[in-house]
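Right, one structure below, let's go through it.
The values are calculated or read from the model by the stated rules, or taken from the named source; none is laboratory data. A quick note: this is a predicted structure, and the numbers were derived from the prediction, not measured. Here the Cβ positions follow ideal geometry from the backbone for every residue, glycine too, while neighbour counts run over all protein chains shown. Side chains are part of the model used for accessible areas, which takes the heavy atoms of the whole protein and leaves out ligands, DNA and RNA. Shrake-Rupley method; radii C 1.70, N 1.55, O 1.52, S 1.80 Å.
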Amino acid sequence: MIRVLYLYENLNIGGAEQLLVTTLKYLDYGKFKPLVYCIGKKGRLAEEVEKNGIPVKLLNKKSSLYNIGIVLELIKIFKRERPDVLHANLFYPGYFGRIAAFFAGVPVVIVTEHGTHSNLKKWYHYCIDFTLSFFTTKIIAVSCAVREYLLKYSRIRADKISVIYNAVDFERFDSVYDTDKDLIRSKLNFPGSDFLIGAVSNLAPWKGQHILLEAFRDVLKTFPEARLYIIGRDNNGFQHRLEKFAQENNFLEKVHFLGERRDVPQILRALDAFVLPSLSEGLGISLLEAMYLGLPAIASGTEGVLEIIEDNKDGLLFPPGDCKALAEKLIEVLKDREKAASLGVNAREKIKKRFSPQGYIEKLSALYLFK
């Protein structure tokens, strides 16, 4: 039995954290025994992990580069738990976890890199990633774009990096796929006849919700009955800036900020179009999920997105940050319902073929066994 210790900052709702829930759902428990630790607090997704009988254990520490106490505690944990594999996600778990794993003698050390946010990292982050790569068995890049980002900015050796695309938990969405859209709208108290547009991601400048609002302002000139639903956790008061813009432009009543939600499948099923307006994106699990449900997706042509969408075949692309182009694409799918349906059908077929949880687990298991 291979003991795999998953290390996260927390299990708040997010793409990386949702991937853990999917991984633990499909992992072969005849081969692997999972252990889950968080450096900080649990977060809402911890409940879903623990429903499967896997306790989420906490360090209750605040991450900072100089908090050596986290490393010391992790060394004790690793020596007590004796994991065969450490699998850390994102920067701080990868930073503390790899140092502790070296001193504790963990045999296999894996880190997953999810983003291409070069504007969010400082020079010393890249130095740390480069140095710690020598103490890492494999670094998983969730797309080829993330792999190129690691090669360019962190100067990590190419043979250290494996590309494994994120997976969609098909079962989570299959239950709503055949449900009548009007019935779901009724249950969610959404209007039944309006054009509903949605976006799912944490609220932050690099996620591009301000671009979406500017575009939506133009969409309302053609479709005044349209409504916009934005799902995601607020970061540093960014939602207030978005609300202020909508209020100043007299369409705040058309925009609904739903916060963190676990009924995302139902919300997506209620929509007429999905938008991913990110200025930078490693891949985008919410985009994969929307496409699996057959929604026409409009996304900024950022690094990882270009590996998912073929423009005008299974989605529509617009230049990152170009609100006018986004507005034009939205108006196009709202006007041409036949094209919108075709995009959705093709999108669903692509996701089924390329982003299955079984395929993801097969590749991940090979790394755990270091084949």
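What to note about this one:
- Qualifying residue in segment 342-359 (condition: open to solvent by 10 Å² or more (accessible area, probe 1.4 Å), assigned to a loop (DSSP other than H, G, I, E, B) and over 30 Å from PRO34 (Cβ atoms)): no
- Among the residues of segment 225-238, the ones that are more than 17 Å from ALA215 (Cβ to Cβ) and either among the β-branched types (Val, Ile, Thr) or open to solvent by 40 Å² or more (accessible area, probe 1.4 Å) (or both) come to 5 in all.
- If you go through segment 42-62 and keep only what is modelled with pLDDT under 95 and loosely packed, with under 14 Cβ neighbours inside 10 Å, you end up with GLU47, LYS51, ASN52, GLY53, ASN60, LYS62.
- Whichever residue in segment 29-41 is out of contact with any Ser or Thr (no Cβ under 9 Å at 6 or more places or on another chain) and either polar (S, T, N, Q) or touching a residue at least 24 places away in the same chain (Cβ under 8 Å) (or both) and, among such residues, is most open to solvent (accessible area, probe 1.4 Å): LYS41
- In segment 179-232, of all residues being part of a loop (DSSP other than H, G, I, E, B) and without any contact (Cβ under 8 Å) to a residue 24 or more places away in the chain, the one that is nearest to GLU243 (Cα to Cα) corresponds to PRO224.
- Positions within segment 148-160 being of a type outside the set (Val, Ile, Thr) and within 17 Å of LEU132 (Cβ to Cβ), in sequence order: TYR149, LEU150, LEU151, TYR153, SER154, ARG155, ARG157, ALA158, ASP159, LYS160
- Matching residues, segment 233-284, being touching a Phe, Trp or Tyr at 6+ places or on another chain (Cβ under 8 Å), closer than 14 Å to LEU188 by Cβ and not in a loop (DSSP other than H, G, I, E, B): HIS256, LEU258, PRO265, ILE267, LEU268, ARG269, ALA270
- Any chance LEU288 is open to solvent by 10 Å² or more (accessible area, probe 1.4 Å) and either farther than 22 Å from GLU349 by Cα or within 14 Å of the chain's Cα centre (by Cα) (or both): no
- Some residue of segment 94-103 being crowded, with 20+ Cβ neighbours inside 10 Å and under 30 Å from ILE308 (Cα atoms): yes
- In segment 314-330, the qualifying residues are those that are in a helix (DSSP H, G or I) and open to solvent by less than 30 Å² (accessible area, probe 1.4 Å), and the one that is nearest to TRP206 (Cα to Cα) is CYS323.
- Residue selected from segment 265-279 under the condition open to solvent by 10 Å² or more (accessible area, probe 1.4 Å) and in contact with a strand residue (DSSP E or B) (Cβ under 9 Å, 6 or more places away or on another chain), by the criterion modelled with the lowest pLDDT: LEU279
- Hits in segment 1-20 - residues which are open to solvent by 20 Å² or more (accessible area, probe 1.4 Å), not in a loop (DSSP other than H, G, I, E, B) and not small (Gly, Ala, Ser): ILE2, ARG3, GLU17
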